[in-house]
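To start, the structure itself, in structure tokens.
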Amino acid sequence: MEELHSEIQKADPEPAPKIIGLTGGIGSGKTTVARFIEEFGFPVYYSDDRAKAIVNESEDLKTKIKALLGNEAYDENSMYDRKFVAEKVFSNKELLHELNEIIHPAVKVDFEEWLKKQTKYLVFKETALLFELRLNRQCYKSLLVTAEDNIRAKRVMDRDGKTYREVEAVMEKQMPEKDKIKLADCIIYNNTNLDDLKEQTEQIIFSIE
Ligand code: ATP
């Protein structure tokens, strides 16, 4: 009996969930895929949304950002002034780098806190800059959503009312799709309809071992 008891005590704890990095360029459909993944019962951490939230939630971050960019980085209600910050860092690469050096580690901590609460064997981390920030190295696998440039542009123009040129300007700043395709472990080609996208998503997520 005592032996059995000590065997139980030695039993391995639940293995940590496997993290799948979910990414894609502008208008690729990564958020749509993330919603499908949630519908299939898996948790998704939305890095970009969390980054936008924590600049307002963390007093420590507020202090650091104000020290870097000035008190005007926050408005009179103490909310992050996205427009001011964007203008300030737009043509100043060094400042943008320093701002990211403040925000990215905070997102990392926030993700780790979130991860501790997860109980599924797979979790997904949606990050636009997965490959650019080499965050894929911290993931079990990477999942890329991609589509032809003209299709992505059309979807963003319809979604956001942007011009082709505006979308193209963002695309030009992002890592080319062909480079992402080389780096990705799993790829969803989102060139057709939403039914096909959902089917591909289901097929891929349930085949990850
Ligand atoms: P961003 O990086 O700009 O936030 P995203 O990669 O998250 O974009 P989504 O927002 O998921 O992309 O998709 C862009 C738009 O295209 C959305 O309006 C979405 O509903 C639409 N969309 C995505 N995939 C398809 C599809 N297969 N058929 C029709 N519409 C689609």
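What does the helix-only formula give at 222 nm for the chain: each DSSP H stretch with n ≥ 4 adding -39500 (n - 2.57), the total divided by the residues, and the result rounded to the nearest 500 deg cm²/dmol?
Mean residue ellipticity at 222 nm (helix-derived): -17000 deg cm²/dmol.
Ignoring ligands, DNA and RNA, please state the percent of accessible area on the chain from carbon and sulfur, probe 1.4 Å.
52 percent
Can you pull the Rg over Rh of the range 56-143, Cα-only, Kirkwood?
1.03
Could you sort 90, 124 by accessible area so the largest value comes first, with the probe set to 1.4 Å?
90, 124
Once the piece of chain linking residue 114 and residue 191 is laid out straight, how much longer is it, given 0.36 nm per residue of separation minus the C-alpha distance between them? Write out the running numbers ahead of the final one.
On the way: separation 77, 0.36 × 77 = 27.72 nm, distance 3.25 nm.
24.5 nm is the gain from fully extending residue 114 to residue 191.
What does a probe at residue 183 reach in the range 24-49, counting residues whose amide N is under 14 Å from the point 7 Å along Cα→Cβ?
Under 14 Å, as judged by backbone N against the label point of residue 183, lie 24-26 of the range 24-49.
Rg/Rh for the range 55-209 to two decimals, with Rh computed the Kirkwood way over all alpha-carbon pairs.
Values: Rg = 18.4 Å, Rh = 18.4 Å.
Ratio value, two decimals: 1.00.
How large is the accessible surface per residue of the range 28-117, computed with a 1.4 Å probe and reported in Å² as a whole number?
With all protein chains present, the range 28-117 gives 59 Å² per residue.
The values are calculated or read from the model by the stated rules, or taken from the named source; none is laboratory data. Computed from a predicted model, the values in this text were never measured in an experiment. Ideal geometry is used to build each Cβ from the backbone, glycine not excepted, and the neighbour counts take in all protein chains shown. These accessible areas exclude ligands, DNA and RNA; they are computed on the full protein's heavy atoms, side chains included. Shrake-Rupley method; radii C 1.70, N 1.55, O 1.52, S 1.80 Å.
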